[in-house]
Every structure is written in C-alpha cells, then in structure tokens.
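Colleague: First the structure, then my questions, so here it is.
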Amino acid sequence: MLLGHTKDPTWPAPEDALTEARRFMEQQRGKRVLVVPHSEVDGLASGVLIVRALEALGASGALRVPGKGEHAHSPGFLERVRASSPEALIVLAMGSRATPLLPTLVVDRHRDTEPLPAEVRLLSAHGHEPAASTSLLTYVLVSPLVVPGPLEWLAVLGTAGALGTDAPMPFLKDALRRANRKAVVETVSLVNAARRSARFAAPRALEVLLRARNAKDVADGHVPGVDELRDCRLEVRREVERCAKTPPRIATNVALLLFSSEALVHPLVAVRWAQRLPDHLVIAANTGYLPGRVDFALRSQATRDPMTLLQGLTPSALGDALTAGHAHATGGSLSQPDFLRFAEAVGLPGLRAQDVERRGAFPG
C-alpha cells in the first residue's frame with residue numbers, strides 16, 4: 001500500500017475536508033496559482049506535490065519560498081505576493097493564519113485557534129491521530145489528481161524530516177524501503193541545511209527537489225544544485241560547533257546561551273545544551289541572524305514546559321515573539337529591547353543593550 005492510503009474516512013483528515021480542498025484545486029484549472037511552502041523539507045516536499053497536481057489540472061503553479069526570517073503572513077512577503085498578481089494562493093506548513101488577499105487554501109498539520117476569513121479553506125491534520133506531516137496530508141490530497149506512485153518519495157521525505165523515520169504513519173516502513181531509507185535521510189539533511197545556512201538557500205533546495213525523480217537523485221548528486229546544499233551543510237556544522245562553545249549564563253533552572261551567527265543554528269545549539277543540562281530550561285539566543293532582532297530557541301528535557309512559560313508571560317514581556325512549537329521545543333524572534341525584557345521576565349536579569357548587539361565571527 002502507498003504511504004498513508006488507509007481508506008479511513010477520518011484520517012489523515014476528514015474526507016469532507018479533503019473533498020473540499022480538492023474542489024478548491026480543481027477550480028484553479030487555467031488559473032495562475034502561487035504556492036507558498038515553508039522552507040523546511042516538509043514544506044518544500046509539499047510544494048512540489050501541489051505543483052505537480054496543478055500541472056495535471058492544467059493550472060499554472062508558481063512556487064515562492066518566503067525570505068530569510070519571513071513567513072507567509074509577513075507584510076513584506078505579502079506585498080510581493082500582491083505584485084505577482086496570482087488568482088489563488090496555496091500556503092503549506094505555515095499555520096492556519098491567512099490574510100484574505102485572494103482565494104486561499106491552507107494545508108498544515110497544525111491548526112491555530114483564530115477564526116479564518118471566508119476566502120480561506122483549511123485542510124489540517126490536527127486532532128486526527130497520528131497527526132500526519134504536511135507532505136503526507138498533501139500527498140493524500142493530490143493522489144486522485146495525479147499518478148501517485150512516482151510522487152510517494154516526496155511524502156516520505158517530508159514525513160521523515162518532520163516526524164522522523166520511525167513515525168507511526170501507516171505503511172511508512174515499506175514506503176521508506178521503496179524510497180531508499182539511506183537516501184531519504186541524506187536528502188533531509190541536505191535540504192534542511194539549505195534553510196539554516198546564512199545564505200538561506202531554501203529556494204535552491206526547492207529547485208533540487210523539482211528536478212529530482214527520487215531521493216537517490218539528490219543523495220548521489222545526480223541533479224544540479226546538490227553541491228551547494230553540501231556546502232550549506234558544512235557551513236551549518238561549523239557554526240553549530242562554534243556557537244555551542246558559548247558558556248551558558250545560568251540563573252536557577254534557566255540557562256541562556258547568547259551568541260551571534262547569520263546562520264539559523266540556535267535550535268540546534270539549544271538541543272545540544274538541553275542534553276548537557278537536562279534539569280534546565282535552555283534558551284539559545286542568536287543576535288546575528290536578523291538585523292536588530294534576537295532569534296531564540298527554547299528546549300527542555302525537564303518537566304518545565306517552554307510553551308507554558310511563554311504563554312504565561314505578559315504581552316509586555318513577550319513582545320512580538322513567535323510562539324509556535326510544542327511542549328519541549330519552541331522559540332521566537334524579538335526586537336533587542338523586547339528580548340532584554342523577556343530575559344528579565346524568565347529570571348535572567350542584568351543583560352545590557354550591548355549584550356544583544358549583532359557581532360562578528362566569534363560567539364558571545
């Protein structure tokens with residue numbers, strides 16, 4: 001059986017929701033559709049699946065990845081969407097928030113609590129256990145519109161990237177074997193390194209996935225662009241090693257690592273230090289990723305829940321942080337003054353403005 005094809009009318013999403021989403025796609029025949037995927041491998045694999053389905057329907061599907069530090073709802077990105085004048089929008093793996101610019105389909109494994117505008121259709125795996133990856137949900141969505149077998153590897157790729165190779169998805173073990181497990185793991189590593197690199201090569205990773213026929217094409221470098229992804233991975237590994245040498249500032253059960261890197265390495269540094277300090281809530285704060293901001297990741301192996309911590313802070317302490325995540329892993333992005341207030345609120349007083357300035361090559 002193909003990955004996720006269980007004939008269960010309630011999984012990976014209710015059949016009526018899948019039918020409505022397919023109807024939305026069929027309504028795009030002959031139209032210009034902008035597809036906006038998240039820059040992680042799950043989002044990019046979903047984007048390729050949607051574009052293949054749009055091609056089969058006779059629609060014109062263009063892929064556009066939001067820039068470094070952006071998401072589908074960022075004002076600057078939305079301005080560029082308006083300038084391209086699409087007739088419909090499909091947003092993948094970036095939450096169910098949506099600005100009603102035009103008819104929109106949102107596909108995601110999560111679901112936000114805020115109400116959606118009338119122009120927006122949502123297909124979500126939330127609440128339908130085991131919650132599928134966005135790429136698997138997208139694969140089930142588009143399967144009646146394409147020849148699904150040759151595209152299964154993309155759903156395998158995204159699922160492995162989002163949930164791991166041991167995720168409890170129906171028929172994943174067999175699908176991994178068909179897709180070549182070793183090649184899938186290597187491709188996930190390369191594609192995710194592209195978005196973490198200081199050069200933000202996620203668009204390049206998307207080009208690689210569009211050219212590839214399978215994961216082995218990527219893992220073995222049979223398509224143009226793979227060498228650049230390998231360079232990104234080497235850069236990210238070096239940056240993680242450099243920034244992880246930062247000595248932590250510890251107050252009670254909170255540990256802060258403050259460093260500066262143009263690469264998106266703060267989540268990886270936080271994971272490494274959470275393993276070293278299992279009784280602490282680890283905050284890895286990167287002052288160099290975006291100008292004027294501090295991007296941070298919270299990780300914990302203890303009972304203290306980072307999401308509960310963020311939700312318990314007052315708006316003045318939290319500023320405009322992004323609080324997407326789950327029990328032991330979350331993060332955000334704050335202006336430098338807001339981060340100083342945030343640090344004090346979580347029990348790390350005494351930071352100064354110069355502590356959160358963007359720096360050069362050396363960790364803080």
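Colleague: How many residues does the stretch 52-70 hold that are open to solvent by 10 Å² or more (accessible area, probe 1.4 Å) and farther than 30 Å from residue 294 by Cβ?
Modeller: 10
Colleague: Then there is this: Specify which of the listed residues (298, 264, 310, 258) is more than 22 Å from residue 67 (Cβ to Cβ), crowded, with 20+ Cβ neighbours inside 10 Å and modelled with pLDDT of 95 or more. Quick ask: steps written out before the conclusion?
Modeller: Working: 298 fails: modelled with pLDDT of 95 or more; 264 fails: more than 22 Å from residue 67 (Cβ to Cβ); 310 fails: modelled with pLDDT of 95 or more.
Matching residue, one of 298, 264, 310, 258: 258.
Colleague: Scan the helices (runs of 4 or more DSSP H) fully inside the stretch 1-111 and keep the ones with 3 or more residues being under 28 Å from residue 188 (Cβ atoms), over 17 Å from the mean Cα position of the chain (by Cα) and at pLDDT 95 or above.
Modeller: Values: elements: 15-26, 41-57, 75-84.
Passing ranges, in order: 15-26, 41-57.
Colleague: Does residue 170 fit the bill of being surrounded by fewer than 18 Cβ atoms within 10 Å (Cβ to Cβ) and either modelled with pLDDT under 95 or not basic (Lys, Arg) (or both)?
Modeller: Numbers: surrounded by fewer than 18 Cβ atoms within 10 Å (Cβ to Cβ): no; either modelled with pLDDT under 95 or not basic (Lys, Arg) (or both): yes.
In short, no.
Colleague: Something else about it: If I filter the stretch 221-255 down to residues being among the acidic types (Asp, Glu) and closer than 20 Å to residue 209 by Cα, which single residue comes out as surrounded by the most Cβ atoms within 10 Å (Cβ to Cβ)?
Modeller: Step one: filter the stretch 221-255 for residues among the acidic types (Asp, Glu), giving 227-228, 231, 235, 239, 241.
Next, from what is left, pick out any that are closer than 20 Å to residue 209 by Cα: 227-228, 231.
Details: 227: 9, 228: 17, 231: 15.
Filtering first and then ranking leaves 228.
Colleague: Which ones in the stretch 198-220 are in contact (Cβ under 8 Å) with a residue 24 or more places away in the chain and open to solvent by 20 Å² or more (accessible area, probe 1.4 Å)?
Modeller: Answer for the stretch 198-220, where residues must be in contact (Cβ under 8 Å) with a residue 24 or more places away in the chain and open to solvent by 20 Å² or more (accessible area, probe 1.4 Å): 198, 199, 200, 203, 204, 210, 213, 214, 216, 220.
Colleague: Only residues in the stretch 179-197 that are farther than 15 Å from residue 152 by Cβ count as the first member; pair them with residues that are of a type in the set (Gly, Ala, Ser) and in a helix (DSSP H, G or I), Cβ under 6 angstrom, at least 6 apart or cross-chain, and list the lot.
Modeller: Sorted first by the residue in the stretch 179-197, then by its partner, the pairs are 186/219; 188/160; 188/161; 191/205; 194/202; 194/205; 195/202.
Colleague: Examine the stretch 114-122 for a residue that is of a type in the set (Asp, Glu), in contact with a Pro (Cβ under 6 Å, 6 or more places away or on another chain), over 29 Å from residue 160 (Cβ atoms) and assigned to a loop (DSSP other than H, G, I, E, B), and state whether such a residue exists. Lay out the reasoning, then the answer.
Modeller: To start, the set of residues in the stretch 114-122 that are of a type in the set (Asp, Glu) comprises 114, 119.
If we keep only those that are in contact with a Pro (Cβ under 6 Å, 6 or more places away or on another chain) as well, we get 119.
Filter once more, so that each one left must be over 29 Å from residue 160 (Cβ atoms): 119.
Those still in the list that are assigned to a loop (DSSP other than H, G, I, E, B) too: 119.
Yes, the conditions are met somewhere in the stretch 114-122.
The values are calculated or read from the model by the stated rules, or taken from the named source; none is laboratory data. Predicted model only: the values in this text are computed from it and were never measured. Here Cβ is always computed from backbone atoms with ideal geometry, including for glycine, and neighbour counts include all displayed protein chains. The protein model used for the area step is the full one, side chains on, heavy atoms only, and it has no ligands, DNA or RNA in it. Shrake-Rupley method; radii C 1.70, N 1.55, O 1.52, S 1.80 Å.
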